[in-house]
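Chemist: Below you'll find the structure I mean.
What follows draws every value from the coordinates through simple rules; no lab data is involved. Because the structure is a prediction, the values reported are computed rather than measured. Cβ: placed from backbone, ideal geometry, glycine included. Neighbour counts: every protein chain shown.
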Amino acid sequence: MREFLYRVLPENWVRYILHTRPRAWPIVTAHMTVGFILAKGLHLDPLTIKQWLLAALAWGILGNGGTLAINSVYDKDEGDIGYLDDPPPLPPHLASFSLILLALGFIPAALLGTSFLIAYALSCSMSLLYSVPPVRLKARAGWDVLINSTGFGALTIFAGWAAASQPIRPPIINIVLAFFFFFVGFYPTTQIYQMEEDQQRGDLTIALALGKKNALRVSILGIIIGFTFLGIEVTRHFLSIRAIGLLLGVIAWAVVLLPWLRNFNRVDTRYEKRRFYLALYAWAVTDLAVAIAFLPVSG
């Protein structure tokens, strides 16, 4: 994609786009879509398609892209970062560009109702608190995982539900809680391979505060708690053969995390980076399993 952008756009424009990390757009949009499917089922009509497109634009591209770009402004990473290898030099007005993207996201968000708009506003506020000094919660162990688990984990799937104009009712409450903890499990995997650069910058991330072994233990605990909330919802309202697919999610996370924990002190940065991207696949398996298990029987 990078090569294509450089062929069709001026180099400086491409640098702005790359720092929004387009590889993350479909990932975040897909997670948001799970909440949308749980609210709407597989029923499609012009209104449903319009709601989804507005939500994808607001949450998956403008909000997510602006959030990641503003993070780049203050991180000033030179090594590989999540969803962007070999980041290009920061363009001169990236902070302003990031804020413009976040602000533009309020336009489609406002068309999706109060719940979606509140979720979007909360997510934007947290993205600024996370990245921008002097608060910069990214550099404060504990706060970093709380912000991300709330924003990317819980609010993203709730945003899909809210975009479909649904009231808060089962199964969304336990699913939001589950994905909060799934991101508690996922987030340390985004930090472990970047620990050296974070330490040089002076950021105290949760991975640096706990060390690799304990950070991976937190990851495993987060995944266990997440599946516990899903199990509660299954037994209460969705006990059917479709729920068996959730076991595939359990297996996927175990395959990623357990060997990593066992070998944490014998692996290099390349291994840790590969495990981070494998964790994304485990997340995708979990999203798919949740969509199948909790799909409403009628749209």
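Chemist: Please report, in cubic angstrom per residue, the volume enclosed by the convex hull of the alpha-carbon atoms of region 187-279. Each step should come with its number before you reach the end.
Modeler: Working: hull volume 8.6 nm³, N = 93.
Given the Cα convex hull of region 187-279, per-residue volume reads 93 Å³.
Chemist: Using helices alone, I'd like the mean residue ellipticity at 222 nm for the chain: each DSSP H run of four-plus residues gives -39500 (n - 2.57), total over residue count, nearest 500. Provide the component values of the computation, followed by the final result.
Modeler: Values: 16 runs with 201 residues, N = 299.
The helix-only estimate for the chain comes to -21000 deg cm²/dmol at 222 nm.
Chemist: To continue, here is another question. With springs only between Cα atoms under 10 Å, which of 11, 196, 233 fluctuates most in a Gaussian network model of the chain?
Modeler: It is 11.
Chemist: Hey, another quick one. Please list, in order along region 264-279, the HN-Hα scalar couplings obtained from phi with the Karplus expression 6.51 cos²θ - 1.76 cosθ + 1.60 (θ = phi - 60°), rounded to whole Hz, x for Gly and Pro.
Modeler: 4, 9, 10, 10, 9, 5, 4, 4, 5, 5, 4, 5, 4, 6, 5, 4
Chemist: What percent of all Cα-Cα pairs in region 10-55 falls into each 5 Å bin, going from 0 up to the bin containing the maximum distance?
Modeler: 5, 17, 23, 16, 12, 11, 9, 5, 2
Chemist: In addition: Per 0.36 nm of contour for each residue apart, how much would the distance between residue 99 and residue 7 grow if the chain were fully extended, relative to their Cα-Cα spacing?
Modeler: On the way: separation 92, 0.36 × 92 = 33.12 nm, distance 2.67 nm.
Here the segment from residue 99 to residue 7 would lengthen by 30.4 nm.
Chemist: ³J(HN,Hα) across region 38-51 via Karplus (A = 6.51, B = -1.76, C = 1.60, θ = phi - 60°), whole Hz, x for Gly/Pro?
Modeler: 5, 7, 9, x, 9, 6, 10, 8, x, 5, 4, 4, 4, 4
Chemist: Still on this structure: Sorting 140, 275 on the 10 Å Cβ count, fewest up front, what's the list? Show your work: numbers first, answer last.
Modeler: On the way: 140 17, 275 20.
Fewest-to-most ranking of 140, 275: 140, 275.
Chemist: Once the convex hull of the alpha carbons of the chain is built, what does its volume come to per residue, in cubic angstrom? Walk me through the numbers before you get to the answer.
Modeler: On the way: hull volume 37.5 nm³, N = 299.
Spelled out: Cα convex hull of the chain, divided by residues, is 125 Å³.
Chemist: In whole Hz, what ³J(HN,Hα) sequence does region 219-230 give by Karplus (6.51, -1.76, 1.60; θ = phi - 60°), x for Gly and Pro?
Modeler: 4, 5, 4, x, 5, 4, 5, x, 5, 5, 5, 5
Chemist: Continuing with the same structure: Quick one: which residues, 5+ away or cross-chain, put their amide H under 5 Å from the amide H of residue 81? H built at 1.01 Å from N.
Modeler: 86
Chemist: Could I ask something else about it? Grab the other residues whose beta carbon is less than 12 angstrom from that of residue 165, score K and R as +1, D and E as -1, and report the net.
Modeler: Working: positive: 40, 50; negative: none.
Summing Lys/Arg as +1 and Asp/Glu as -1 gives +2.
Chemist: May I have the pair-distance distribution P(r) for region 121-278, computed from all Cα-Cα distances with 5 Å bins from 0 and rounded to whole percent?
Modeler: Bin by bin from 0 Å, the calculated values are 2, 9, 16, 19, 18, 15, 11, 7, 3, 1, 0.
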